[in-house]
Amino acid sequence: MESSDLAYSPADDAGSKPYVYPRSPSSDDKERPTQLRFLVSNMAAGSIIGKGGATIAEFQSLTGARIQLSRNHEFFPGTSDRIIMVSGEFNEIIKALELILEKLMIEAEDNNDDDTRTKVRLIVPNSSCGAIIGKGGSTIKSFIEESQADIKISPQEQNYAGFNDRLVTVIGSLEEQKRAIFLILSKLAEDAHYPQNMSSPFPYNTGTNFPGFAAVPVGYMVPSMAYNAMNYVSNGIGGRHANTKGLGSARPTGTNDGQGSSMTFGVADEHIGAVVGRGGRNIMEITQISGARIKISDRGDFMTGTSDRKITITGSPEAIRTAEAMIMQRVSANSDR
């Protein structure tokens, strides 16, 4: 059995290799149509589409690949990221990926992001992860050595019920990412378990019902691990009891004053920066997507009996649930670093 949490890094003393594509799949596999999906933020999706769809149309014309994006509200489960699917013959997909990754790198530079080692998260079915890992991790280790990128496969036990896709995160420079993705797609193109054809980049159910809530986009399903990292006051709107351990005399804060319901919960001060984001980017995105109003307490204003800052979300039950899940996802991701 494979390990549920696999992460490998290139050797510290390994030098940078010139950008040369490694081995290719067989000619039959290169000519057979296939596909590759990966995640992008809503902002990045807009830059790839371009004004009036001009950029994505140009990329498709130049490469012969088909490029599809999930709709505005269709996010990969547990994230606020949309899905891009690139389909076509092997070489067409590689050419399209080069253009997309270069475009994203330019956007990052324009946003004054000086980190030259960025990450790309590929979506791979659990049944095909074994082909990437190899016996005893031999395949993925060879990919690391050849590409000089870091590769991490999300733990299988963190999958949501009914979902069989995992995230393969590739971290490195633009050239390192290109080499690593080339190797990964080469292996997937040869794998009998890999779905070579998909009609949509978003094959998941469009909504999930929670007791007391309207349908919520499945991308906002909340990882159970995140509940243990936060303190909650009972929200009074959905019948879900929050984790009040360590809160002392915490009381329900559900209200309905014509402005919608509200809930208040605590987040460790060290994670507030991840919730807010650089220049307030994350909190603005959460507010825009969820439709809720979000207030974070000032420094030093903590939940009773804790050192957690207070976050109050106001809006409809669906808006609150969506905003809460997005905040928890940010906290969970920050905790994993």
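Scanning the stretch 54-68 for residues that are of a type in the set (S, T, N, Q) and either in a strand (DSSP E or B) or touching a strand residue (DSSP E or B) at 6+ places or on another chain (Cβ under 6 Å) (or both) yields 60, 68.
Evaluating residue 78 against the criteria (1) crowded, with 21+ Cβ neighbours inside 10 Å; (2) in contact (Cβ under 8 Å) with a residue 60 or more places away in the chain; (3) touching a strand residue (DSSP E or B) at 6+ places or on another chain (Cβ under 8 Å) leaves one unmet condition, (3). Among the residues of the stretch 174-194, what is the count of those that are without any contact (Cβ under 8 Å) to a residue 60 or more places away in the chain, under 24 Å from residue 106 (Cβ atoms) and not charged (D, E, K, R)? So the count comes out to 1. If you go through the stretch 279-337 and keep only what is under 15 Å from residue 75 (Cα atoms) and surrounded by fewer than 20 Cβ atoms within 10 Å (Cβ to Cβ), you end up with 285, 288.
Bear in mind these aren't lab numbers, they're just calculated from the coordinates by the rules spelled out. Since we're looking at a predicted model, the values are computed, not measured. Every residue, glycine among them, receives a Cβ derived from its backbone with ideal geometry; neighbour counts consider all protein chains shown.
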